[in-house]
Amino acid sequence: MKTSFSHSVRQGKMLNHVMVQAVGIMRMDRVELNEFLAQTIERNPFVEIDRGAQFLGTHSDNRDTPEVPSDTQISLYQNTADQFPRVFRLGHETRIALAFLQEIEPSGWLTVPVERIAKDNSFDIEACHNVLARLQTLEPAGIFARDLKECLRLQAIERDLLDDVMAALIEHLDQLMTCKLPALARRLKTDTQSLARRIDQIRRMDPKPGSVFGVEEVRQISSDVVLNVIDQGLSIELNRSSYPTIRLSPIAESYASDKPSQNGALHELFHEARALQTAVETRNSTTLDLVAAVFARQRDFLIHGYPALTPMRMSEIADDIDVSEATVSRISSGLSVQCPLGSIAMKSLFCNPVSYCDQPQTKHVALQMIRKLIAGEDKELPLNDRKITCLMQKSGLRVSRRTVTKYRQSLGLGPPATRRKKAELSLLLNQERV
């Protein structure tokens, strides 16, 4: 009885150690895991990392999938990501920068508020602002600007043109439409000749610096998971830099064959190595299962993008792969997937339902509708939120004016007066450049 009790306690401790190891590793991102493994290898002779092919583990799904076009030429996103090593040295800074890169528009502008990026990815807001400041030093000058004024200011800095007069002129750009040159010069406390020279310099700037890369490009940045459409099915691979595999060293095999005692430092290291191997394998296989389950529900996303998402909760995926909802949340956090539409954040595919024509849809339908309505509006008489709400309700989407305002702001689209002034300024600058 006494011996049985002692054995049970020892086994309980071993299982607890394995579980703690697995949970801890499941929560690590690629940088944290690689750092942890590097430290483990230095002190544990029983552990080796398999550094074979770049990708490991494949989940194939051969159900019919419509052909998805892809584009592998250099893009704004690849050009920008290639510059990251020049300005970022720490892993968490690069992760924040990648989150910003996910949101950049083909124009090169950042239309999503910094606060939203920080909240969606659980980043520190101050760190996000610091990373954005460095992103705005990348080429071409003006990318990651949040509005026209900031875009021009960044280009003026890059060309060493940002003196007090230039800064004041950019700040009062909207007055170019209503003020004559002498009056504006007096207001800015300069002469008309100096003001005219700076206006000419602004006309030579590019209000859309990202457009030189084209508008039909796919984001090619390093992702944790790569999903491809092959032979009308889906192939899912894990990036080895994010999901390495662990194996026991030849020393471990020799040690195990010698029937080691159940105590001592070597035994602890041997047990740790086996627990680590199991934990990493669990992390990898669970991630494959999760990604496969998500895209089994979101096939249309691969063709039509976010507007085609169907409502999906983490609890549903947890049931599909027989894990806890907390596990789904931990794996999805910070997980990026490279697919034919670009590199996307896994968490962005989870969404609650909204009612559209009495059918459950996601908020992306509303976001796309707001974007299209504003894109097609009369630039001289832009739509206000109440009018947008009425048009959306007539189309069958149940949405309130308050929700429309929130969604419009999340898209980085200003109120009617701001949009009208921005359109007038862009037209003026484009005409002068021509």
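Here are the numbers for the structure shown:
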| read-out | value |
| --- | --- |
| Count of residues meeting criterion [touching a residue at least 40 places away in the same chain (Cβ under 8 Å), out of contact with any Leu (no Cβ under 7 Å at 6 or more places or on another chain) and not in a helix (DSSP H, G or I)] in the range 283-311 | 3 |
| Count of residues meeting criterion [surrounded by fewer than 19 Cβ atoms within 10 Å (Cβ to Cβ) and touching a helix residue (DSSP H, G or I) at 6+ places or on another chain (Cβ under 7 Å)] in the range 401-412 | 4 |
| Any chance Val280 is at pLDDT 85 or above and part of a strand (DSSP E or B) | no |
| Residue within the range 104-118 that is more than 28 Å from Ser332 (Cβ to Cβ) and at pLDDT below 90 present | yes |
| Check on Ile374, part of a helix (DSSP H, G or I), of a type in the set (Val, Ile, Thr) and assigned by TED's automatic domain parsing to the domain that holds Gly396 | yes |
| Index of the failed condition, Gly334 passing every other in (1) under 20 Å from Val226 (Cβ atoms); (2) part of a helix (DSSP H, G or I); (3) in contact (Cβ under 8 Å) with a residue 40 or more places away in the chain | (2) |
| The range 232-254 residues that are under 13 Å from Ser336 (Cβ atoms) and part of a strand (DSSP E or B), paired with ones that are of a type in the set (D, E, K, R) and at pLDDT 80 or above (beta carbon under 8 Å, 6 or more apart) | Leu238/Asp224; Asn239/Asp224 |
| Selected residue (only one of Leu152, Leu169, Leu162, Leu132 is touching a residue at least 12 places away in the same chain (Cβ under 8 Å), out of contact with any Cys (no Cβ under 8 Å at 6 or more places or on another chain) and surrounded by fewer than 21 Cβ atoms within 10 Å (Cβ to Cβ)) | Leu132 |
| Residue within the range 92-103 that is under 27 Å from Gln277 (Cα atoms) and either at pLDDT 75 or above or outside any helix (DSSP H, G or I) (or both) present | yes |
| Number of positions in the range 70-87 that are assigned to a loop (DSSP other than H, G, I, E, B) and modelled with pLDDT under 80 | 7 |
| Scope the range 400-416; condition farther than 13 Å from Val112 by Cβ and either aliphatic (A, V, I, L, M) or not in a helix (DSSP H, G or I) (or both); matching residues | Ser400, Val404, Gly414, Pro415 |
| Hits in the range 104-129 (condition: more than 19 Å from Arg408 (Cα to Cα), without any contact (Cβ under 8 Å) to a residue 60 or more places away in the chain and not in a loop (DSSP other than H, G, I, E, B)) | Ile125, Glu126, Ala127, Cys128, His129 |
| Subset of the range 178-200 [within 25 Å of Lys422 (Cβ to Cβ), among the β-branched types (Val, Ile, Thr) and part of a helix (DSSP H, G or I)] | Ile199 |
| Test result for Lys379, surrounded by 17 or more Cβ atoms within 10 Å (Cβ to Cβ), of a type in the set (Lys, Arg) and at pLDDT below 85 | no |
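The values are calculated or read from the model by the stated rules, or taken from the named source; none is laboratory data. Only a predicted model underlies this, so the values are computations on that prediction, with no experimental measurement involved. Cβ sites come from the backbone with ideal geometry, for glycine too, and all protein chains shown count toward neighbours.
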